[in-house]
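Shown next, in structure tokens, is the structure this report addresses.
The values are calculated or read from the model by the stated rules, or taken from the named source; none is laboratory data. None of these values were measured; they are calculated from a predicted model. Cβ: placed from backbone, ideal geometry, glycine included. Neighbour counts: every protein chain shown.
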Amino acid sequence: MTVHLSTNQSTPTTKADLITLPFSTYYELTSCVFTSIMLGYYIHILFEILTEYFEYPRHYDRAKSLLLTILSHFNFKLRVWALIAFSIAWMIMLNEKLIHPFSLIIIFITWFILRIDMTESTHTYKKFLRQDTGLDYGCGMASNYFHGFLNIVLPENNEGIGFIERILDFQDAQRVVVAVPKLFILLPHSLHSPKEFKDDWIEKSSSVETVYSHRAGVPGRPYTVGVYRFKNKLKRTAFDVPSDYYVVAECATPLLSYYESINNLKITSTAYMEDLKLEVVKKFAKSLKKFIESTPGTKGLVEVLYFDDGEQKVGEVLECAVKELWKKGLYPLT
């Protein structure tokens with residue numbers, strides 16, 4: 001796509017000459033640069049596709065999946081730019097313009113910059129984590145936790161017995177009152193959680209009735225949640241007599257596994273996992289809330305609480321959360 005100046009005009013050598021160039025020359029030059037950049041980008045995509053085909057042939061179960069991967073490079077915006085670029089290239093070729101060496105240099109520079117991926121950084125991965133692809137670490141942990149635990153212990157079974165019924169049975173059997181008919185899931189900032197909670201606010205009591213489920217080749221696999229007692233007597237309103245209350249709570253076990261992946265074994269840890277752990281936890285919390293509130297069997301049965309365990313104790317967080325729910329009119333089951 002050569003830029004030709006008029007034959008009656010010498011090549012400009014001064015700034016003044018450049019300013020007086022005809023508009024058509026600027027148009028051809030701009031078109032040349034733009035089209036060259038786009039061609040460089042498409043060559044980069046072609047190179048990526050060929051690399052994928054020859055290096056990872058077993059990652060595709062059939063030709064159709066590879067074709068879909070190729071087409072995924074071409075979203076709507078890219079198709080529009082492609083149409084514009086090749087339209088310009090076609091118009092220039094119709095005017096008997098040839099590809100100028102300058103265009104080849106631009107194409108090569110564009111391909112080279114994309115090939116070495118100069119845009120890759122921690123921020124790149126942050127943007128990926130914030131997208132709703134379902135493929136990131138946080139969303140994956142939330143999905144596993146939801147399907148592998150919450151969606152087992154919370155919904156009603158075939159006999160109509162679910163989390164609420166088990167809380168009522170627990171209250172009747174132990175002659176106690178659970179402050180709020182919800183499961184509190186705690187997300188500590190450090191990601192670490194103890195074997196059981198014990199501080200100046202709460203202590204271990206017992207557990208809600210165990211749920212047994214046939215999962216992944218293990219008949220009758222047990223699932224349960226712990227119950228804790230508030231050490232201080234609480235008042236629901238200013239007119240109530242202080243009473244003993246209990247709460248159903250646990251830390252999110254996937255976050256403990258994530259903590260252990262980062263700190264216990266180097267082989268399971270990467271620098272990105274450490275640097276982006278806050279982003280992962282936020283995505284985990286966001287995805288988990290979405291799954292819970294979008295499923296009829298779990299909706300309204302869980303409170304997800306993120307807290308700084310370096311500054312706050314578990315019992316303190318739970319007591320504040322219970323009191324907030326009381327203010328909203330959510331009271332114990334009777």
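Worth a mention:
- Filter result for PHE197 (part of a loop (DSSP other than H, G, I, E, B), modelled with pLDDT of 90 or more and surrounded by 13 or more Cβ atoms within 10 Å (Cβ to Cβ)): yes
- Criterion violated by SER193 - all others in (1) in contact (Cβ under 8 Å) with a residue 40 or more places away in the chain; (2) more than 33 Å from the chain's Cα centre (by Cα) satisfied: (2)
- Residues of the range 139-187 that are touching a Ser or Thr at 6+ places or on another chain (Cβ under 6 Å) and closer than 21 Å to MET273 by Cβ: CYS139, ALA142.
- Considering only residues in the range 230-258 that are of a type outside the set (A, V, I, L, M, F, W, C) and surrounded by 17 or more Cβ atoms within 10 Å (Cβ to Cβ), the one that is nearest to PHE170 (Cα to Cα) turns out to be TYR246.
- Residue satisfying all of: in the range 214-244; of a type in the set (A, V, I, L, M, F, W, C) and under 29 Å from the mean Cα position of the chain (by Cα); farthest from GLU316 (Cα to Cα) among these: ALA216
- Whether a residue is of a type outside the set (A, V, I, L, M, F, W, C) and under 30 Å from GLU209 (Cβ atoms) was assessed, and GLU279 does not pass this test.
- Taken together, VAL281, VAL317 contain a single residue that is crowded, with 19+ Cβ neighbours inside 10 Å, modelled with pLDDT of 95 or more and touching a strand residue (DSSP E or B) at 6+ places or on another chain (Cβ under 8 Å), which is VAL317.
- Scan of the range 306-333 for residues that are among the charged types (D, E, K, R) and in a helix (DSSP H, G or I), ordered by number: GLU316, GLU319, LYS323, GLU324, LYS327
- Some residue of the range 139-154 being in contact with an Asp or Glu (Cβ under 9 Å, 6 or more places away or on another chain) and within 20 Å of PRO254 (Cα to Cα): yes
- Only one of SER243, SER261 that is touching a residue at least 40 places away in the same chain (Cβ under 8 Å) and hydroxyl-bearing (Ser, Thr, Tyr): SER243
- In summary, LYS290 fulfils each of the numbered conditions (1) more than 16 Å from the chain's Cα centre (by Cα); (2) within 30 Å of GLU159 (Cβ to Cβ); (3) not in a loop (DSSP other than H, G, I, E, B) with the single exception of condition (1).
- One residue from THR298, THR210 being of a type outside the set (Lys, Arg), closer than 27 Å to VAL178 by Cα and either at pLDDT below 90 or surrounded by fewer than 17 Cβ atoms within 10 Å (Cβ to Cβ) (or both): THR210
- Of all residues in the range 167-179 being outside any loop (DSSP other than H, G, I, E, B) and either touching a strand residue (DSSP E or B) at 6+ places or on another chain (Cβ under 7 Å) or not assigned by TED's automatic domain parsing to the domain that holds GLU303 (or both), the one that is nearest to TYR331 (Cα to Cα): ALA179
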